[in-house]
1. List the pairs whose first member sits in segment 20-31 and is without any contact (Cβ under 8 Å) to a residue 12 or more places away in the chain, whose second member is open to solvent by 90 Å² or more (accessible area, probe 1.4 Å), and whose Cβ atoms are under 7 Å apart, counting only residues at least 6 apart or on separate chains?
2. Which of the residues spanning segment 5-41 are of a type in the set (A, V, I, L, M) and over 28 Å from Gln56 (Cα atoms)?
3. Out of the residues in segment 1-52 meeting the condition of being outside any helix (DSSP H, G or I) and among the polar types (S, T, N, Q), tell me which one is most open to solvent (accessible area, probe 1.4 Å).
Amino acid sequence: MPDALYQRYLKALDTYRDHRAACATCTNSRLCGEGERLWAAFTRSQDAYLARQKQQR
């Protein structure tokens, strides 16, 4: 079974990318409120996954 934390990390990235593709407000240098929330969720998931990977080495 795939790693749940890894799946959550990738799902957060996909959700953020889907939002960026559909949002006319978000740019590379500025995000709308929803874009900021999704980016923060992605970075938290990524940080958690990478921290655990580092601990397992």
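The values are calculated or read from the model by the stated rules, or taken from the named source; none is laboratory data. What you see is a predicted model, and the numbers here were worked out from it, not measured in a lab. All Cβ positions, glycine included, derive from the backbone under ideal geometry; neighbour counts span all protein chains shown. Quick note on the areas: whole protein, heavy atoms, side chains included, nothing else; ligands and nucleic acids left out. Shrake-Rupley method; radii C 1.70, N 1.55, O 1.52, S 1.80 Å.
1. Leu31/Trp39
2. First, the residues of segment 5-41 that are of a type in the set (A, V, I, L, M): 5, 10, 12-13, 21-22, 24, 31, 38, 40-41.
Hits for segment 5-41 are Ala21, Ala22, Ala24, Leu31.
3. First, the residues of segment 1-52 that are outside any helix (DSSP H, G or I): 1-3, 23-32.
Applying the additional criterion that residues be among the polar types (S, T, N, Q) yields 25, 27-29.
On the way: Thr25: 92, Thr27: 60, Asn28: 152, Ser29: 115 Å².
Looking at the filtered set, the residue picked out is Asn28.
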